[in-house]
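> Mind having a look at this structure? Questions to follow.
The values are calculated or read from the model by the stated rules, or taken from the named source; none is laboratory data. Treat the numbers as computed from the prediction; the structure is a model and nothing was measured. In this analysis, Cβ positions are derived from the backbone assuming ideal geometry, glycine residues included, and neighbour counts consider all displayed protein chains. These accessible areas exclude ligands, DNA and RNA; they are computed on the full protein's heavy atoms, side chains included. Shrake-Rupley method; radii C 1.70, N 1.55, O 1.52, S 1.80 Å.
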Amino acid sequence: MKAILIVFLAVFCLAVQADEDRYLLLGDFLPELAREIGPNELVYAEGGVSLVRVPVSQVEQFSRIVHDHYKACGGFMDVTHEIRKGRSAARLVWEYADPKDSGFEFAVRGDAFVADMVSMVSKDAYWNVLKSLEAMGSRSATNAKGAAAQKWIQGQATELTSGMPNVRVWTVETDHFFANKQASVVLTLEGTQPNLPAVVLGAHMDTITQSFTSDKQPGADDDGSGSALLLETLRVLKQSGAKFERTVHLVWYAAEEWGLVGSQFVVDAFVDKGLAVDAVLQFDMVGYNSSADDDNIYLLTDYTNPALTETLRRVIETYTDAKVGTTECGYACSDHASWHKKGFAAAVPFEASFSNMNGRLHTQNDKTDVLDVDHAIRFVKSAVAFVGEVGRVLPPQPKH
Ligand SMILES: [Zn+2]
């Protein structure tokens, strides 16, 4: 009964908004897919990027096919809120087809204190957090479980940093017709030099499977592995007692699975608040270790910043035992794309070469039983080291 009621409510909501069109930015493999699913309009296309207008009633089917057939996490960008703000279709496409490259390489010193911080990373602490996220059953941005997951993460972040003077936890609402039950969570660790642009580390907290209303959407790897990584990184930053010259933001994005919606609103909030950012890392799926791969950590080379990607490579090679490879992800495959589109420098370390990634994503079997904690810990260590190096760590002063 509950299921029928939910379906009725979902259909009723969709019917209420049936007249509202959605504007989706698509990579080059999607326009024909859009044509497949029924009447929609190609608004503008250039450089392999298309903007199409689709009736709201089609978005669910569209998202299902993208997740089913293309196994793409994310896979498209819902930019309706940009169109509503009067932004031109051409500019939106240009911005994404060819964002202005603003990145530069950072010095990687191989710092003894950073190495100490890296050694504080705990497999057990990380795994316990990941198991807690998995046990929630679903963290979907479309239902109460997703809202509960947001509150839990917010609570953990607040608890972990209690007593730290320069920390604040805030949220950014997600204005979406359906995936609006979750707000993105931002933890800001104020730097000692607030005039220096900040470092952002992110992961998405929401989950999805083919049956959108199911409460079996564990998303252990996608993206519980990244969300847990941020909490373990935070625990280490606190334990180290260090300060950082740059401000460090840890962001748990909402509604990534619905067109990178949460992260677009987060980027807008940063721009509106005038919060400068020099480097953005995205951790989306870091738990699955493919035996078919030669390397361990794969850096995305498309829709990312080459200079920052090179910095990330040197951080990984300096502080972990990981072998580093490269791979391509395809179109807007995770939240870094929301920053990249606006010209911020972003980089992404991924769990495998794209063809060998965890095949269980977006299914109710995306569970920890196939994940490798030693593999995931390489990414946690890389995150801690990146904050230490690029955030410019100031070791705690010995107490006299
Ligand atoms: Zn994902």
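> Could you check region 329-345 and list, in sequence order, the residues that are more than 15 Å from the ligand (Cβ to nearest atom) and touching a Phe, Trp or Tyr at 6+ places or on another chain (Cβ under 6 Å)?
HIS340, LYS341
> From the set of residues in region 232-251 that are part of a strand (DSSP E or B) and open to solvent by less than 10 Å² (accessible area, probe 1.4 Å), which is nearest to the ligand (Cβ to nearest atom)?
Only one residue tops the list, namely VAL251.
> Could you grab me the full set of residues in region 19-65 that are open to solvent by less than 10 Å² (accessible area, probe 1.4 Å) and modelled with pLDDT under 65?
Within region 19-65, LEU30, LEU33, ALA34 qualify.
> May I pose another question? Would you check if there is a residue in region 1-18 being open to solvent by 10 Å² or more (accessible area, probe 1.4 Å) and at pLDDT 60 or above?
no
> Further, regarding this structure: Tally up the residues in region 169-192 that are without any contact (Cβ under 8 Å) to a residue 60 or more places away in the chain and either within 20 Å of ASP278 (Cβ to Cβ) or open to solvent by less than 10 Å² (accessible area, probe 1.4 Å) (or both), please.
Qualifying residue count, region 169-192: 1.
Condition check ((1) modelled with pLDDT of 95 or more; (2) of a type in the set (Phe, Trp, Tyr); (3) farther than 21 Å from GLY27 by Cβ; (4) assigned by TED's automatic domain parsing to the domain that holds ASP222) across all residues:
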site: LYS341; (1), (2), (3), (4): no, no, no, yes
site: PHE344; (1), (2), (3), (4): no, yes, no, yes
site: ASP372; (1), (2), (3), (4): yes, no, yes, yes
site: HIS375; (1), (2), (3), (4): yes, no, yes, yes
site: LYS381; (1), (2), (3), (4): yes, no, yes, yes
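> Okay, next question. Which one of ALA322, ALA352, ALA279 is over 15 Å from GLY202 (Cα atoms), in contact (Cβ under 8 Å) with a residue 40 or more places away in the chain, among the small types (Gly, Ala, Ser) and more than 16 Å from the ligand (Cβ to nearest atom)?
On inspection, the qualifying residue turns out to be ALA322.
> If you check LEU308 against the conditions, is it under 19 Å from VAL199 (Cα atoms) and either touching a helix residue (DSSP H, G or I) at 6+ places or on another chain (Cβ under 7 Å) or touching a residue at least 12 places away in the same chain (Cβ under 8 Å) (or both)?
yes
> Assuming LEU229 fulfils every condition listed in (1) more than 26 Å from LEU26 (Cβ to Cβ); (2) touching a strand residue (DSSP E or B) at 6+ places or on another chain (Cβ under 6 Å); (3) within 16 Å of the ligand (Cβ to nearest atom) apart from one, which condition is it?
Single failed check for LEU229: (2).
> Let me ask you something else. Scan the strands (runs of 3 or more DSSP E) fully inside region 272-389 and keep the ones with 2 or more residues being in contact with a Gly (Cβ under 8 Å, 6 or more places away or on another chain).
Qualifying strands (runs of 3 or more DSSP E): 277-282, 297-300.
> Quick check: anything in region 242-250 under 22 Å from LEU133 (Cα atoms), hydroxyl-bearing (Ser, Thr, Tyr), out of contact with any Lys or Arg (no Cβ under 7 Å at 6 or more places or on another chain) and at pLDDT 95 or above?
Within region 242-250, not a single residue is under 22 Å from LEU133 (Cα atoms), hydroxyl-bearing (Ser, Thr, Tyr), out of contact with any Lys or Arg (no Cβ under 7 Å at 6 or more places or on another chain) and at pLDDT 95 or above.
> Okay, next question. I need every pair where a residue in region 375-400 that is more than 16 Å from LYS238 (Cβ to Cβ) has its Cβ under 9 Å from the Cβ of a residue that is among the basic types (Lys, Arg) and crowded, with 20+ Cβ neighbours inside 10 Å, sequence separation at least 6 or different chains.
VAL390/ARG246; ARG392/ARG246
> Test of understanding: among ALA269, ALA254, which residue is open to solvent by 10 Å² or more (accessible area, probe 1.4 Å), of a type in the set (A, V, I, L, M, F, W, C) and under 15 Å from LEU187 (Cβ atoms)?
ALA269 is the lone residue from the list that is open to solvent by 10 Å² or more (accessible area, probe 1.4 Å), of a type in the set (A, V, I, L, M, F, W, C) and under 15 Å from LEU187 (Cβ atoms).
Conditions tested, residue by residue: (1) open to solvent by 50 Å² or more (accessible area, probe 1.4 Å); (2) out of contact with any Leu (no Cβ under 8 Å at 6 or more places or on another chain); (3) within 16 Å of VAL108 (Cα to Cα).
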position: THR311; (1), (2), (3): no, yes, yes
position: SER334; (1), (2), (3): no, no, no
position: ASP369; (1), (2), (3): yes, yes, no
position: VAL380; (1), (2), (3): no, no, no
position: ALA383; (1), (2), (3): no, no, yes
position: PRO396; (1), (2), (3): yes, yes, no
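> Scan region 268-276 and tell me whether some residue there is more than 11 Å from the chain's Cα centre (by Cα), assigned by TED's automatic domain parsing to the domain that holds SER382 and within 16 Å of the ligand (Cβ to nearest atom).
For region 268-276, residues more than 11 Å from the chain's Cα centre (by Cα), assigned by TED's automatic domain parsing to the domain that holds SER382 and within 16 Å of the ligand (Cβ to nearest atom): absent.
> Give the residues of region 210-226 that are more than 11 Å from the ligand (Cβ to nearest atom) and either open to solvent by less than 10 Å² (accessible area, probe 1.4 Å) or without any contact (Cβ under 8 Å) to a residue 40 or more places away in the chain (or both), sorted by residue number.
SER211, GLN217, PRO218, ALA220
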